[in-house]
Each structure stands twice: as structure tokens, then as C-alpha cells.
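To keep things clear, I will list the structure first and then write my remarks on it.
The numbers here are math on the coordinates, done by the rules we state, and not lab data. Because the structure is predicted, anything quoted here is derived from the model rather than measured. Here the Cβ is made from the backbone with ideal geometry for all residues, glycine too, and neighbour counts use every protein chain on show.
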Amino acid sequence: MQAAKGSVFVQSGVNMRTYLRRVLLPGVIASVILFVGALFLRTFVVLSKPILVAMYVIPLLPLLYTLGYPYAKISSKRVQINSKIPYFATYFAVLSTSDVSREQLILNLSSEKTLEPIAGEMKKVYYLIAKLHRGMPEALRFLARRVPSKVLADFLDRLAYSLDSGVDLKDYLLQEQKTVMDDYETFYEGALYDLDIFKEIYTSLIISVVFMVTFIIIGPIITGQDVVSLSMFMFILVIATEVGILLVIKYRMPEDPVWAEGPMSPWRKSKLRRALLISIMGTSVMAVMDYIILRPRFNLPLLIHVSIILSPLMYYGKAIEREEKAIVVKDENFPAFMRSLSSSLAASGAALPLVLKYLSSHDFGVLTQDIRNLHRRISMRLDNDKAWKYFTIDTGSWLIGMFSDIFNKSIKMGADPEYVGMVISRNFERLVRLRRKRAQTVASFRGVIYGITGAFAFSVAAAFGVAVYMNKIFSNMNLPADFLQNVIFVPSKSGLELTEYILVAILVAHTLISAMSIKFADGGHVGSTVYYFVVLLWIAALGEYLGTIIMSRLVTFSSLTSTITGVLGVIP
């Protein structure tokens with residue numbers, strides 16, 4: 001449909017001079033410095049072949065970053081544009097019924113910061129129309145060849161063709177809503193399908209990491225390498241893998257947050273602040289109780305002590321989860337309110353305060369009190385924009401905030417209320433249905449993370465138990481030290497203790513990053529990460545404890561058999 005696309009730099013929005021000065025030049029300098037450093041180090045230090053290869057590969061990383069930077073910007077910008085397409089199409093459609101010229105219409109779209117980066121692209125169209133005196137169809141085709149999003153490019157091309165054909169803009173944009181929302185749904189469901197596929201990739205990656213961790217724990221006993229150094233390498237390996245997974249989830253999922261941007265309502269802020277204070281005080285109390293009561297009396301693993309101390313943080317995370325669920329319920333009720341409001345405005349011709357007074361006496365579920373507050377503020381006739389802003393703050397919903405702002409601005413500019421309400425309610429309901437699908441996909445992803453975390457902790461604890469047992473056996477052998485060291489390497493007791501602390505740090509880091517992955521996947525408040533963090537921490541702690549107990553029994557199989565036969569009354 002469209003002509004050849006613009007260059008990589010045009011689509012990414014990266015200025016060539018800025019790229020050369022701030023990306024390419026520093027990358028080349030970093031590569032040269034690393035390469036010279038590798039040559040200098042090789043001159044004075046004898047290195048093994050694998051380390052030498054790694055030293056020559058590392059200088060290539062800055063160059064790879066500079067080459068991939070524009071493409072990464074394109075990918076990020078494409079996701080951002082696709083995520084804002086429904087709101088752009090809705091705003092475009094409702095403003096088309098207002099009493100403004102097409103030039104002013106484009107200017108209003110380009111000045112909406114909430115529509116970025118689409119608003120920035122529409123500024124180019126406005127410049128072509130207002131400053132260079134180009135026709136709107138020509139300007140739209142010009143932009144279509146320079147945006148990285150196929151969804152937006154196809155929309156602009158179809159709009160340009162329709163304007164050339166003399167189709168009424170209002171009628172066309174109403175018909176176009178279904179096409180745009182279908183394209184957005186395809187993009188959204190594609191991202192959810194990617195998350196389903198990514199669950200399998202995530203499982204495979206973690207299994208590979210578990211295998212490497214197991215080898216690194218047991219390997220030093222056979223190879224004679226330093227167990228602490230390999231454990232640190234293992235820590236870096238796990239963190240790099242987990243952070244890579246986290247970034248892929250963050251930048252592949254659509255930008256569809258649950259919570260509204262900006263300030264929070266006073267009562268909600270007070271409730272969450274109180275929950276945070278209770279959690280912090282509970283953590284302090286649990287730390288004192290663990291130190292005074294549990295540690296002297298019970299020989300529990302370190303990770304269980306950490307889990308016990310941090311357990312009160314679940315209260316704060318759960319409080320945020322409850323507020324988030326309340327916001328989702330308000331999203332469910334908003335389309336009915338918007339249909340009622342727009343229909344009443346169109347049918348009665350009354351002012352907005354009178355219509356809201358009538359609607360505030362009806363039941364809109366959890367949204368009823370927020371509607372009454374909106375009516376009181378608008379009835380004061382001070383500032384309608386602030387009244388709608390406080391309505392968004394009361395609901396706490398990002399979706400409600402976006403569409404309320406669109407409704408308020410379009411009505412203020414003289415748009416048809418019935419048309420506005422119909423477009424907003426239809427698109428809003430489709431977005432809510434997509435969110436339900438996302439919640440189901442994320443629930444499945446969360447279950448996978450729970451299972452992998454338990455298996456990860458169990459495997460690490462079992463491998464470390466084998467290493468400790470082998471170390472104990474060879475340390476107690478009555479053989480010359482030189483002879484023993486030529487056969488097998490026995491790590492020091494302090495080295496094994498430090499390795500145990502590193503393993504605990506790995507499991508804690510894994511649980512924290514996995515909890516963040518869950519919240520990035522569902523688009524919720526990042527504060528509720530602490531709830532999933534504590535849950536995963538307990539799963540890891542119990543998995544580690546079971547792995548330690550079971551492995552200690554397996555390596556002393558004879559005593560285990562004696563115990564079982566003794567309980568059964570069998571004489572061995």
C-alpha cells in the first residue's frame with residue numbers, strides 16, 4: 001500500500017550528527033581502549049585460550065551496541081506507537097465532529113503529550129500543512145513512509161486515500177475505528193502469544209543456568225579451580241540471564257499500565273503509606289524475634305531466616321494488589337457511565353452539571369462515589385479540566401484518565417456528545433477485554449515462575465550438599481596431603497561457607513528479578529513486587545531446605561535404610 005520506507009535513522013528519530021557524536025564515536029573509542037588493554041595484558045600475563053578468546057571478543061561489544069542502537073530505537077518506538085494507537089484513533093475521531101478546521105485538528109493532536117510518540121509525528125504533518133502549505137493527504141503519505149509502525153502507516157495511508165476520494169472525515173473515522181482496534185488487538189494478542197512462547201524459552205534458559213550452576217559447584221572439587229571465583233562467575237551469569245529476561249519482557253509487552261500517572265488520591269495514599277509503615281515495623285519486629293528466639297533454638301538455613309524477616313512486606317504488596325483490583329473493577333463500570341453521560345447530554349441538551357446531577361443518583365457500582373465527587377466539583381463551575389483531573393485521581397485508573405481527558409476536551413471543543421460517547425465506550429470495552437486476556441496469560445506465566453524457582457533452589461541446594469559431602473569425605477581420609485591434592489582438590493571450609501552465602505545471594509536476586517518480571521508483564525504497580533518477592537523467597541527457601549535435607553539423607557543411605565527398617569520393625 002505504501003511506498004518505500006524511510007531510512008533507519010528517519011524511522012528511529014535519531015539525528016545523524018547526534019548518533020555520530022554520542023553513540024558511534026564513544027563506542028569506537030571504547031572498543032579501541034579495550035583492545036589495547038587486552039594486548040597489553042597478554043604481554044605481561046600468561047592466559048588460557050578460553051580467557052584469551054573472551055578478551056578479544058569483549059572489545060567487539062561496544063561496536064555491536066553502536067550498530068544495533070538505531071534498530072533498538074526503532075523497535076522501542078514501534079511498540080510505543082502501537083500501544084497508543086487506540087487513544088490516537090479515538091481522539092482523532094471525536095475531534096473530527098468538533099467545530100475546528102483540519103489544520104487546527106492536527107495541531108490539537110500534535111500537542112497532546114499523552115499521545116507521544118504519535119504526537120511528535122503529527123507535528124511533522126502540521127508543519128507540512130501550516131508552514132509548507134502541502135495538502136493533508138500528501139502530508140499524511142509523507143509521514144506514513146517515515147514511521148516504524150505498520151499499523152500507524154496503514155492508517156495514515158487509508159486516511160490519505162479517503163480524503164483524496166472526498167469521503168467525509170467524520171464518517172470515515174467512525175468506520176475506521178473497528179479496523180484500527182482490530183489491528184491493535186492483533187498486535188496486543190501477538191505480544192501475549194510471545195509471552196506464552198517466552199515461558200518455554202524462560203524455562204529452558206533457567207534449566208541451562210541450573211545445569212551450569214550445578215557443574216560450577218561440583219566442578220572445583222575435580223578440576224582444582226577456586227570455588228569462590230567460580231561462584232562469583234556463577235552469580236554474574238545468573239544476574240545477566242535474569243536481567244536479560246526482564247528487559248525482554250519490559251520492552252516486548254504493550255504499554256498498558258493499570259495505575260494513573262500523576263498524584264494519588266489522599267485517602268489511597270494514606271492507606272498505602274500506613275500499610276508500608278506497618279510492613280516496615282513488622283520487618284523490624286521479626287528481625288529482633290528471629291535474632292533472639294529462632295536463631296539460638298533452631299538450626300534453620302539462612303534463606304529461611306531471611307524469608308521470616310521479610311514476610312511482613314507482603315502486607316504492603318497485598319494492599320497495593322487490593323487497590324489495583326479495585327481500579328480494574330472501576331474500569332469495568334466506566335463504559336456504562338460514559339454511554340449514559342453522552343446519551344443524556346445529546347438527548348436533553350442540558351448542561352453537564354445537570355446531567356451529572358441526574359446520573360449521580362444512579363448506581364454505577366464502585367464508580368458511583370467518584371461520579372458524585374465529579375458532579376460536586378463541576379457544579380462549582382471553577383475549572384472543568386481540574387474537576388476531570390481529580391476524577392482520574394479518585395479512580396486511580398490510567399485508562400479512565402485517558403478517555404476522560406479525551407471526552408472532556410472534545411466536548412469543550414463542540415464535538416457531538418452521542419458520537420463521542422459511542423466511540424469511547426466501544427473502544428474502552430475492547431481494551432478491557434484485552435486486559436482480561438493479558439491477566440490470564442500473566443497468571444500462567446506466574447505459575448511457571450513459581451515452579452521454576454522451587455526447582456532452581458532445590459537443585460542448587462542438592463548440588464551444594466554433594467560438594468560439602470565430598471569435601472568432608474576426602475578431608476577425613478588418612479592420606480598424605482600431597483597425594484590427595486594430586487587426585488582431588490579439597491576446598492577450604494571458609495571457601496565453602498562463602499560459596500553458601502553466594503548461593504543465597506543468587507536465589508534472593510532470582511526471586512527479586514522474577515517478581516519484577518511478573519509486574520512488568522501485567523502492567524501493574526511496581527510496589528506490589530514486594531508481595532511476589534516474598535512469596536518467591538519462601539518457595540526458594542523451602543526448596544533449598546528440602547534439597548539440603550533430601551541430599552543429606554541420600555548421601556548417608558545406609559543410615560536412612562536402618563532408620564526406615566527400624567521403624568517398620570524389620571531386623572536388618
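Once a ≥ b ≥ c are taken as the square roots of the eigenvalues of the Cα gyration tensor of segment 331-431, is the result rounded (a/c under 1.5), prolate (a/b larger than b/c) or oblate (a/b not larger than b/c)?
Numbers: a/c = 1.23, a/b = 1.04, b/c = 1.18.
Cα axes put segment 331-431 in the rounded bin.
Please work out whether segment 231-307 counts as rounded, prolate or oblate from its C-alpha gyration tensor, where a ≥ b ≥ c are the square roots of the eigenvalues and a/c under 1.5 means rounded, while otherwise a/b larger than b/c means prolate and anything else oblate? Provide the component values of the computation, followed by the final result.
Details: a/c = 4.50, a/b = 1.17, b/c = 3.86.
Judged from the Cα gyration tensor, segment 231-307 comes out oblate (a/c at least 1.5, b/c at or above a/b).
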3J(HN,Hα) from dihedral phi, segment 371-380, Karplus parametrisation 6.51/-1.76/1.60, rounded to Hz, x for glycine, proline: 5, 5, 5, 4, 4, 4, 5, 5, 5, 6
Amide H within-cut-off set for SER397, under 5 Å, with H built and near neighbours excluded: ALA260
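Arranged from highest to lowest average of other beta-carbon atoms within 10 Å per residue, in what order do the peptides 113-123, 68-78, 452-462, 282-292 appear? Kindly include the intermediate steps, with their values, before the conclusion.
Values: 113-123: 18.0, 68-78: 16.5, 452-462: 23.3, 282-292: 14.2.
Per-residue Cβ counts within 10 Å, averaged per peptide and sorted highest first, yield 452-462, 113-123, 68-78, 282-292.
Using a Förster distance of 22 angstrom, determine the FRET efficiency expected from the C-beta separation of SER343 and ASP363, and round it to 0.05. Mind dumping the intermediate values first?
Values: r = 17 Å, r/R0 = 0.77.
FRET efficiency, SER343 to ASP363: 0.80.
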In Hz, Karplus ³J(HN,Hα) per residue of segment 329-343 (6.51, -1.76, 1.60; θ = phi - 60°; x = Gly, Pro): 5, 5, 4, 5, 8, 5, x, 5, 5, 5, 5, 5, 5, 5, 5
Pair ARG145, ILE207: separation of 7 Å Cα→Cβ label points (nm): 5.0
Estimated vicinal HN-Hα couplings, Hz - segment 457-462 in sequence order (Karplus 6.51, -1.76, 1.60; Gly, Pro = x): 5, 4, 5, 5, 5, 5
Distance in nm between pseudo-label sites at THR186 and ARG553 (7 Å out along the Cβ direction from Cα): 5.6
Whole-Å distance, taken between Cα centres, linking segment 298-325 and segment 250-278: 19
Within straight-line cross-link reach of LYS73, lysines at Cα separation under 30 Å, skipping those fewer than 8 residues along the same chain: LYS5, LYS84, LYS113, LYS123, LYS124, LYS131, LYS150, LYS178, LYS199, LYS250, LYS437, LYS519
Proximal charge balance of TYR532 [Cβ under 13 Å; K/R count +1, D/E count -1]: 0
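I need the peptides 343-350, 543-550 ranked by packing, meaning the mean over residues of other C-beta atoms within 10 angstrom, with the highest value on top. List each step's numbers first, then the result.
On the way: 343-350: 14.6, 543-550: 18.8.
Top of the packing list down: 543-550, 343-350.
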Cα shape, segment 86-177, gyration tensor, a/c 1.5 rule: rounded
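Report, in deg cm²/dmol and to the nearest 500, the calculated mean residue ellipticity at 222 nm for the chain, where each DSSP H run with n ≥ 4 adds -39500 (n - 2.57) and the sum is divided by the residue count. All intermediate terms of the calculation are to be shown ahead of the outcome.
Numbers: 23 runs with 451 residues, N = 572.
It lands at -27000 deg cm²/dmol.
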Nearest 10 degrees, 0 to 90: helix 557-568 Cα axis against the chain principal axis: 80
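To the nearest 20 Debye, how big is the dipole of the chain about its Cα centre, given +1 on the beta carbon of each Lys and Arg and -1 on that of each Asp and Glu? Walk me through the numbers on the way to the answer.
Numbers: 59 positive and 44 negative charges, 203 e Å.
Around 980 debye, computed over the chain.
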Amide proton proximity set for GLU255, modelled H, under 5 Å, gap of 5+: SER83
